[in-house]
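Only one structure is covered here, and it is reproduced in the block below.
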Amino acid sequence: MGFIPIFITLGGSVLLFILVVRQGIKSKRSQFSQFCTETWAGLQSIKSEGNKSKPDFEELRKIYLEVKSKLKTEELTQFDNQVRKPFQQAKLIQSQHNLFIAKKPYSFVARLFGYHAI
């Protein structure tokens with residue numbers, strides 16, 4: 001009878017740990033998606049290309065480098081505010097997310113819910 005409260009407490013703490021880690025992973029993924037969307041909107045305003053569908057991150061990186069190389073000096077501040085800052089934030093969030101789910105206790109939770117590296 002004395003072990004039942006110990007098992008209930010241990011199970012509750014494991015469940016709370018899993019829920020907190022899952023919420024942290026979901027938060028990083030939504031922030032990454034938001035920054036990618038902001039970057040794509042900024043690139044569309046500068047580039048004004050007909051393609052309206054949001055590409056994945058690797059294609060977004062290629063478009064970013066292409067636009068950056070063809071940038072005029074008068075567009076530099078607009079590019080800095082609308083494209084470069086959200087893109088850098090997206091890269092930072094991607095790195096943090098990938099490092100987070102690679103660590104041992106968190107990798108079990110990521111594997112349990114099917115999260116992979118971005």
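The values are calculated or read from the model by the stated rules, or taken from the named source; none is laboratory data. All values reported here derive from a predicted model rather than from experimental measurement. Glycine gets a Cβ as well: all are built from the backbone with ideal geometry, and neighbour counts include every protein chain shown.
Remarks
- A single member of 102, 117, 110 is of a type in the set (A, V, I, L, M, F, W, C), out of contact with any Ser or Thr (no Cβ under 7 Å at 6 or more places or on another chain) and within 27 Å of residue 63 (Cβ to Cβ), and it is 117.
- Meets criteria (loosely packed, with under 11 Cβ neighbours inside 10 Å and either under 19 Å from the mean Cα position of the chain (by Cα) or at positive phi (or both)) for residue 2: no
- Selection count, the range 79-97, where residues are polar (S, T, N, Q) and either under 12 Å from residue 61 (Cβ atoms) or in contact with an Asp or Glu (Cβ under 6 Å, 6 or more places away or on another chain) (or both): 2
- Of all positions in the range 106-116, none carries a residue that is crowded, with 18+ Cβ neighbours inside 10 Å, closer than 30 Å to residue 15 by Cα and charged (D, E, K, R).
- Residue check for residue 79: in contact with a Cys (Cβ under 7 Å, 6 or more places away or on another chain) and at pLDDT below 90: no
- Where residue 60 falls short, out of the listed (1) assigned to a helix (DSSP H, G or I); (2) under 19 Å from residue 26 (Cα atoms): (2)
- Filtering 17, 7 for residues that are over 25 Å from the mean Cα position of the chain (by Cα), aromatic (Phe, Trp, Tyr) and in a helix (DSSP H, G or I) leaves a single hit, 7.
- Tally, over the range 13-72, of residues that are out of contact with any helix residue (DSSP H, G or I) (no Cβ under 7 Å at 6 or more places or on another chain) and β-branched (Val, Ile, Thr): 3
- Enumeration of residues in the range 20-46 that are more than 11 Å from the chain's Cα centre (by Cα), of a type outside the set (Ser, Thr, Tyr) and loosely packed, with under 15 Cβ neighbours inside 10 Å: 20, 23, 41
- Of all the numbered requirements in (1) within 14 Å of the chain's Cα centre (by Cα); (2) outside any helix (DSSP H, G or I), residue 55 misses one, and that requirement is (1).
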